[in-house]
Amino acid sequence: MALDRLFRRRRTRGQAREVPELWVRCAACEAQVYRKDLEQALWVCPECGYHHRISAERWVALLADEGSFEPTTGRVRPADPLGFVDTEPYPERLRRYQEKTGRPDAIHGGRATVGGVPTVLLVMDYAFAGGSMGSVVGEEITRGAELAAEENRALVIVAASGGARMQEGALSLMQMAKTTMALDRLFAKRLPYVSILTDPTTGGVTASFATLADVIFAEPGALVGFAGPRVIKQTIRQDLPEGFQRAEFLQKHGLIDAVVDRRQLKEQLVQTLSLLYPGEGHGA
Amino acid sequence: MALEFERPILELEARIQELERTASEQGLDFSEEIELLKAKLDRLQREIFGNLTAWQRVQLARAPGRPTTLDVIEALFEEFAELRGDRAFADDAAIVGGVARFHGEEVVVVGHQKGRNTRENIARNFGMPHPEGYRKAMRLMDLADKTGRPFIAFVDTPGAYPGVSAEERGQAWVIARSIQRMSRLKVPAVVVILGEGGSGGALAIGVGNRVLIMENAWYSVISPESCAAILWRDAKEAERAAEALKLTARDLLRLGVVDRVVPGPKGGAHRNPEAACRELDRALVETLEDLKGLSPEAIWEDRYRRFRRLGVFEEV
Ligand SMILES: [Zn+2]
């Protein structure tokens, strides 16, 4: 802890900027964790099991076989079809998120193999406008499903989203139908689709492609639902039950296949894909 | 209960009526005054209804007296047999549906149902469905496919119900499934946005080969009030949000989200539902006619292409 304070002070003096802090405070239990340990544990707190949010690049590194990833997203950039202005113009908002994340919109993905299974892996980026789905996210998910169908790949999507993007109005809503319909291209080829729900996934993403997978996993404690808890609380004017809309609650209500600890996720994903992917054994 | 911006019109109408009554009761001739007032009324109506703001249209879409799904079914269809229940949990009164006859042709019909008064609205949960409502809709989509009948859906909901029970029973899951089921229909599907098209709860029965919208109806990713609460942190900014969201019939036509605007009567559909229904009747007949003769595969492909092209972005 003393070390932590030392580093903090140095950081405020602006010297240790490039040196990542050695200690990190868990966002849930506030335990001080040695950064290297946390990284090794895939950003799951060794004290309380809290799953910290990780970047889209980290997700790819976690799930794709080493050296197999080849990005396909990033060639589609958002526009401003409504000329939307709230407290700031939408294009300015977009520019800010683009600078922060280094990508055109809230999605990152491409071709990869997962446990040797040819896959299209798509990861939503919560850091970009809360992972909201507008035209670009909808188009990338659609193209991802089409690419998987075309090249006989499984589809894996890591979801994280506050819902549809308000600044693109009804066009965002239409992405729910578009992405849903694209998934049907996988049927003709009997290709599996696995969805991984992370904290939080709500609104239009949950009410479309994210919950239409053959197999649905969720991270421990992830909040997943249609309406956000604040909206529900306002509607019913009552406190929400303990653990409401959390991954464990979803499993109890039969909405997902399993709550999977991030440290076991790759293994479980590989097993699932290898069992579902059309192989030489039968089917094909 | 008049909307604020219609008040000058209603007041003028009341004055004309009163003058007409006085004239007939007392045998006096006020025809000149009445003609003048009627001309003024006409100008006023044109002025107000020719310059409606998006927010005023949202209010018109919610106005009591505007034709609901059951009103439209009664006005347009020769026969209607309501079918109830989702065969799993309950019957959701916020969604109605069944088999019907439309200009001699059998069709399957589904729609959100709001109440026409407070008591009805409570029974129908203000047109906000639970998962069982969408399961009922899907059951009727199965029926349309099995019998080869066209599927007609009327959209009129503030949104799917955001409550604990709905979430426990997988509201998001069932909306996604309903979108998927509807997109797979092998029969022509025509959607009419009657009043409110509130987000995913509307889209769940909105995946049509053609999507029509009544004048002064709205269709959006989020209600103006919720949008204002999030982006402006003040629900009272709903007027600005309504403008920004481009949720009116004309805007949606320009964006390709809807295919046809059904013109409404002067003064709004709530003041002349019969006229609104007549216009809708004509639009529905023509739209169904357009989709006739397509093979099941072509119908499916047509719908896929319609939604595949939606979205605006730049290619790098
Ligand atoms: Zn912890």
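In this structure, is B:Leu252 within 14 Å of chain A (Cβ to nearest Cβ), buried (at least 20 other Cβ atoms within 10 Å of the Cβ) and either touching a residue at least 12 places away in the same chain (Cβ under 8 Å) or assigned to a helix (DSSP H, G or I) (or both)?
For B:Leu252, the condition - within 14 Å of chain A (Cβ to nearest Cβ), buried (at least 20 other Cβ atoms within 10 Å of the Cβ) and either touching a residue at least 12 places away in the same chain (Cβ under 8 Å) or assigned to a helix (DSSP H, G or I) (or both) - is met.
Being within 30 Å of A:Leu94 (Cα to Cα), surrounded by fewer than 24 Cβ atoms within 10 Å (Cβ to Cβ), within 17 Å of the chain's Cα centre (by Cα) and not polar (S, T, N, Q) is the requirement here; does A:Leu223 meet it?
Yes.
Among the residues of the range B:272-290, are any touching a residue at least 12 places away in the same chain (Cβ under 8 Å) and not in a helix (DSSP H, G or I)?
no
In the range A:151-168, is there at least one residue being in a helix (DSSP H, G or I), at negative phi and open to solvent by less than 10 Å² (accessible area, probe 1.4 Å)?
The answer is yes; a qualifying residue exists.
When only residues in the range B:58-103 that are in a strand (DSSP E or B) and among the aromatic types (Phe, Trp, Tyr) count, which is nearest to B:Arg135 (Cα to Cα)?
B:Phe80
All but one of (1) open to solvent by less than 10 Å² (accessible area, probe 1.4 Å); (2) more than 7 Å from every other protein chain (Cβ to nearest Cβ); (3) not hydroxyl-bearing (Ser, Thr, Tyr) hold for B:Cys227, so report the exception by its number.
For B:Cys227, the exception is condition (2).
Scan the strands (runs of 3 or more DSSP E) fully inside the range A:29-141 and keep the ones with 3 or more residues being buried (at least 20 other Cβ atoms within 10 Å of the Cβ).
Answer list for the range A:29-141: A:107-114, A:117-124.
If you check every pair at least six apart or on different chains, which have Cβ atoms under 7 Å apart with a residue in the range B:135-147 that is assigned by TED's automatic domain parsing to the domain that holds B:Val187 first and a residue that is assigned to a helix (DSSP H, G or I) second?
As it stands, the answer is B:Arg135/B:Val174; B:Ala137/B:Ser178; B:Met138/B:Arg177; B:Met138/B:Ser178; B:Met138/B:Arg181; B:Met141/B:Arg181; B:Met141/B:Met182, since those pairs meet every condition given.
How many of the residues making up the range B:280-316 are away from every other protein chain (no Cβ under 14 Å) and surrounded by fewer than 17 Cβ atoms within 10 Å (Cβ to Cβ)?
Count: 11.
Test A:Ser172 against the stated conditions and say whether it is open to solvent by less than 10 Å² (accessible area, probe 1.4 Å) and within 16 Å of the chain's Cα centre (by Cα).
It is false that A:Ser172 is open to solvent by less than 10 Å² (accessible area, probe 1.4 Å) and within 16 Å of the chain's Cα centre (by Cα).
Being touching a residue at least 12 places away in the same chain (Cβ under 8 Å) and assigned by TED's automatic domain parsing to the domain that holds A:Gly204 is the requirement here; does A:Asp261 meet it?
When the stated conditions are applied, A:Asp261 passes them.
Quick one: A:Met1 ticks every box in (1) within 16 Å of the ligand (Cβ to nearest atom); (2) modelled with pLDDT of 95 or more; (3) touching a strand residue (DSSP E or B) at 6+ places or on another chain (Cβ under 7 Å) except a single one, so which number is it?
(2)
When you scan the range A:216-284 for helices (runs of 4 or more DSSP H) that lie fully inside it, which ones turn up with 3 or more residues that are within 14 Å of chain B (Cβ to nearest Cβ) and modelled with pLDDT under 95?
Filter on the range A:216-284 gives A:229-236.
In this structure, does B:Gly115 turn out to be at positive phi and either open to solvent by less than 70 Å² (accessible area, probe 1.4 Å) or free of Cβ contacts under 8 Å to residues at least 12 places away in the same chain (or both)?
Against the criterion (at positive phi and either open to solvent by less than 70 Å² (accessible area, probe 1.4 Å) or free of Cβ contacts under 8 Å to residues at least 12 places away in the same chain (or both)), B:Gly115 does not qualify.
For A:Glu151, indicate whether it is under 25 Å from B:Asp302 (Cα atoms) and within 12 Å of another protein chain (Cβ to nearest Cβ).
No: the conditions fail for A:Glu151.
Could you check the range B:118-141 and list, in sequence order, the residues that are among the charged types (D, E, K, R), out of contact with any helix residue (DSSP H, G or I) (no Cβ under 8 Å at 6 or more places or on another chain) and open to solvent by 30 Å² or more (accessible area, probe 1.4 Å)?
B:Arg119, B:Glu120, B:Arg124, B:Arg139
So, in the range B:258-316, exactly how many residues are modelled with pLDDT of 95 or more and on the phi > 0 side of the Ramachandran plot?
Result for the range B:258-316: 1.
Can you name the residue in the range B:96-112 that is open to solvent by 40 Å² or more (accessible area, probe 1.4 Å) and without any contact (Cβ under 8 Å) to a residue 40 or more places away in the chain and, of all such residues, is farthest from B:Glu78 (Cα to Cα)?
B:Gly104
The values are calculated or read from the model by the stated rules, or taken from the named source; none is laboratory data. All of these numbers come straight from a predicted model, not from anything done at the bench. Reconstructed Cβ throughout: ideal geometry from the backbone, glycine too, with neighbour counts over all protein chains shown. With ligands, DNA and RNA removed, areas are computed over all heavy atoms of the protein, side chains included. Shrake-Rupley method; radii C 1.70, N 1.55, O 1.52, S 1.80 Å.
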